[in-house]
Amino acid sequence: MNIIIPKEAVSELRVSMLPQNIEKLVKKGAKITVESGLGRTLGISDNDYKKAGASIEKNRKKLLASGDIVLRLRKPDLKEVTSLKKGSIHVSYLDPFNEPKLLETLAKQRVSAISMEMIPRSTRAQKMDALSSQASLAGYAAVVLAAGNLYKIFPMMMTPAGTLQPSKVFIIGAGVAGLQAIATARRLGAKVDAFDTRPVAKSDVLSLGAKFVEVDLGETGQTAQGYAKALTEEQLKKQREVMKQHCAQADIVITTAQVFGRKAPVLVTSDMIAAMKPGSVVVDLAIETGGNVEGAILGKTIEKNGVKIIGMANMSTRVALHASQMYSNNLTNLIDEFWNKEKKHFELKLEDDIIKSCLMTHGGAVVHPTFAPPKKEKKSHKG
Ligand code: NAD
């Protein structure tokens, strides 16, 4: 069983597998081939991968055609899917809610495609949960980026030249990214307020030394997987009214509010930005799923009424080595969980809860119930 690891897109700094992870898998009996230049963005050479036990392949097409298992980070390019070996297993992000054509093409190629976004939120799967590992780093990186754009320091400082008041940070959405953002801003000495629609988030916010903003939205709640339920338009309106006052007082606003599988809600509108102090900074961490901030532009920093609005995608890429380390561990843990020690290969256990949740295509069809085309009803031949 040949495990192959192709290079990521040119714009991606993260690397899907680090040499230390290759070493672990080789020790288990895996045969691994990596594309030449895999670690180039992090200064990791082909020789480092060779030392870890991998073979190096320069010809990408040949590499793709030879893989029984393909491990990577970003979704595959549609044009390259036909180069994959029929019957192979492909593991990566797939963006399944927005990529029906990709799923269809993977199915046609008879590839069994696992989507890292769909790893379930169970205790057993936590170590494979790439959404969480990357979100946590994104929360950290967002605060550091915001701090670098603010013309103030975070902590209170009392000096003979005068007293500097601590900066105020407001975090909207206290999930994985939001909580890491709170922790980072607190470590730097800022005063932090935060809000989330899931009532259970309050105790997490308080435990990090931040203040929880109370908004009476009525019924909110969360799904069995721990994700927020979408709010009604009326609830969103009420939320924005309260958020407006908090945004106006904040030096930094970081938004992380997402609703799994749907477009992110707009929570910071232009009139709220107009009410903010010039020099303030807004970071929209939900920009890739539509954005929480009106006017934020994917991949750009813009300025409105003196307020900087940062819409950088892929925030965990800013700490690419640690992001790669976490993602490599997520992939290695997935392989390890389903590794047959006697036969020394990865077993795709179709009845396993984790596989059922993240396997998108198999046996020539889209098999995940959320994305599979509706079954055609058999015509009745009665009288
Ligand atoms: P996410 O990225 O989907 O959303 C980020 C946050 O935005 C969530 O906390 C959500 O409640 C919040 N949000 C949505 N709409 C909002 C609104 N209108 N206003 C304010 N906030 C809003 O979610 P996530 O961060 O990946 O995860 C959410 C929670 O899931 C975590 O806090 C955790 O409790 C749980 N979780 C569990 C596991 C596990 O059990 N293995 C793993 C990861 C996360």
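The values are calculated or read from the model by the stated rules, or taken from the named source; none is laboratory data. Just so it is clear, the structure is predicted and the values come from calculations on it, not from any experiment. Here the Cβ is made from the backbone with ideal geometry for all residues, glycine too, and neighbour counts use every protein chain on show. For accessibility, only protein heavy atoms count, side chains too; no ligands or nucleic acids. Shrake-Rupley method; radii C 1.70, N 1.55, O 1.52, S 1.80 Å.
Considering the conditions (1) open to solvent by less than 20 Å² (accessible area, probe 1.4 Å); (2) away from the ligand (no atom under 13 Å from the Cβ), Asp284 is excluded by exactly one of them, (2). With respect to the stated conditions, Gln245 is farther than 26 Å from Thr370 by Cβ, free of Cβ contacts under 8 Å to residues at least 40 places away in the same chain, more than 16 Å from the chain's Cα centre (by Cα) and surrounded by fewer than 24 Cβ atoms within 10 Å (Cβ to Cβ). Among all positions in segment 25-34, there is no residue which is under 17 Å from Gln325 (Cβ atoms) and part of a loop (DSSP other than H, G, I, E, B).
Figure legend. Inter-residue proximity from segment 142-154: first residues more than 17 Å from Gln180 (Cα to Cα), second residues open to solvent by 70 Å² or more (accessible area, probe 1.4 Å), beta-carbon distance below 7 Å, spacing 6+ or different chains. Indicated pairs: Ile153/Leu164.
The single condition among (1) modelled with pLDDT of 95 or more; (2) surrounded by 17 or more Cβ atoms within 10 Å (Cβ to Cβ); (3) within 30 Å of Gln249 (Cβ to Cβ) that Met312 does not meet is (1). In summary, Ile254 fulfils each of the numbered conditions (1) crowded, with 17+ Cβ neighbours inside 10 Å; (2) away from the ligand (no atom under 12 Å from the Cβ); (3) not in a loop (DSSP other than H, G, I, E, B) with the single exception of condition (2).
If I ask for residues that are more than 13 Å from the ligand (Cβ to nearest atom) and open to solvent by 30 Å² or more (accessible area, probe 1.4 Å), which ones from segment 190-217 would you list? Within segment 190-217, Lys191, Leu206, Gly209, Lys211, Asp216 meet the criteria. Picking from residues in segment 171-189 that are open to solvent by 10 Å² or more (accessible area, probe 1.4 Å) and outside any helix (DSSP H, G or I), the one that is nearest to the ligand (Cβ to nearest atom) is Gly175. Asn292 fulfils the conditions (1) open to solvent by less than 20 Å² (accessible area, probe 1.4 Å); (2) touching a His at 6+ places or on another chain (Cβ under 9 Å) except for a single criterion, (2).
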